Amino acid sequence: QVQLVESGGGLVQAGGSLRLSCAASSRGIVTLTRAWYRQAPGKQRELVAEIISDGSTNYADSVKGRFTISKDNAKNTMYLQMNSLRPEDTAVYYCRIRTLSTVYWGQGTQVTVSS
């Protein structure tokens, strides 16, 4: 069983930055993708960014050029650097990893951007 623990959320003014972290409890698992999702009130959960096992990345159009996903294998941690934040980025952010057999989700961290 893998546990994902997120941190780094909070309240920030528009134009500000935050960095989210997601630490995995287990090492040595074969991870196909690592991703960040978000869910705003009344909306469906949506993919924000993902990093594939070959190192390639994908981003939602709404965050391209502002957000950067990365990982540190030595620390078993993934990150989401969020710059130029907008009020519409307000949501609960979840990390997710997909292995060969299953998908694991973090508990979520709230990001609130004030105008």
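Just a few scattered comments:
- Residue within the stretch 83-93 that is out of contact with any Lys or Arg (no Cβ under 8 Å at 6 or more places or on another chain) and aliphatic (A, V, I, L, M) present: no
- Test: residue in the stretch 72-87 that is hydrophobic (A, V, I, L, M, F, W, C) and out of contact with any strand residue (DSSP E or B) (no Cβ under 6 Å at 6 or more places or on another chain): yes
- Taking the conditions (1) more than 15 Å from the chain's Cα centre (by Cα); (2) open to solvent by less than 50 Å² (accessible area, probe 1.4 Å) in turn, GLY15 satisfies each one other than (2).
- Any hit, the stretch 57-78, residues being surrounded by 15 or more Cβ atoms within 10 Å (Cβ to Cβ), closer than 15 Å to GLY108 by Cα and of a type outside the set (Val, Ile, Thr): yes
- Single residue of GLN44, GLN107 found to be out of contact with any Cys (no Cβ under 8 Å at 6 or more places or on another chain) and farther than 23 Å from GLN1 by Cβ: GLN44
- Verdict on ALA23 being among the aliphatic types (A, V, I, L, M) and open to solvent by less than 30 Å² (accessible area, probe 1.4 Å): no
- Single residue of GLN110, GLN1, GLN81 found to be part of a loop (DSSP other than H, G, I, E, B) and open to solvent by 40 Å² or more (accessible area, probe 1.4 Å): GLN1
- Cβ pairs under 7 Å, 6+ apart, first in the stretch 100-115 and farther than 23 Å from GLY28 by Cα and touching a residue at least 24 places away in the same chain (Cβ under 8 Å), second part of a loop (DSSP other than H, G, I, E, B) and open to solvent by less than 50 Å² (accessible area, probe 1.4 Å): THR109/GLY8; THR109/GLY9; GLN110/GLY9; VAL111/GLY9; VAL111/THR90; THR112/THR90; VAL113/LEU85; VAL113/THR90
- Residue in the stretch 29-42 that is open to solvent by 80 Å² or more (accessible area, probe 1.4 Å) and basic (Lys, Arg) present: no
- In the stretch 84-104, residue most open to solvent (accessible area, probe 1.4 Å) [restricted to those that are hydrophobic (A, V, I, L, M, F, W, C) and within 16 Å of the chain's Cα centre (by Cα)]: VAL103
- Considering the stretch 8-39, and only residues there that are among the aliphatic types (A, V, I, L, M) and more than 17 Å from TYR59 (Cβ to Cβ), the residue that is modelled with the lowest pLDDT turns out to be ILE29.
- Within the stretch 84-107, tally of residues that are among the charged types (D, E, K, R) and not in a strand (DSSP E or B): 3
The values are calculated or read from the model by the stated rules, or taken from the named source; none is laboratory data. Note that the coordinates shown come from a computational prediction; the quantities given were computed from them, not determined experimentally. In this analysis, Cβ positions are derived from the backbone assuming ideal geometry, glycine residues included, and neighbour counts consider all displayed protein chains. All accessible areas refer to the heavy atoms of the entire protein, side chains included, with ligands and DNA or RNA removed. Shrake-Rupley method; radii C 1.70, N 1.55, O 1.52, S 1.80 Å.
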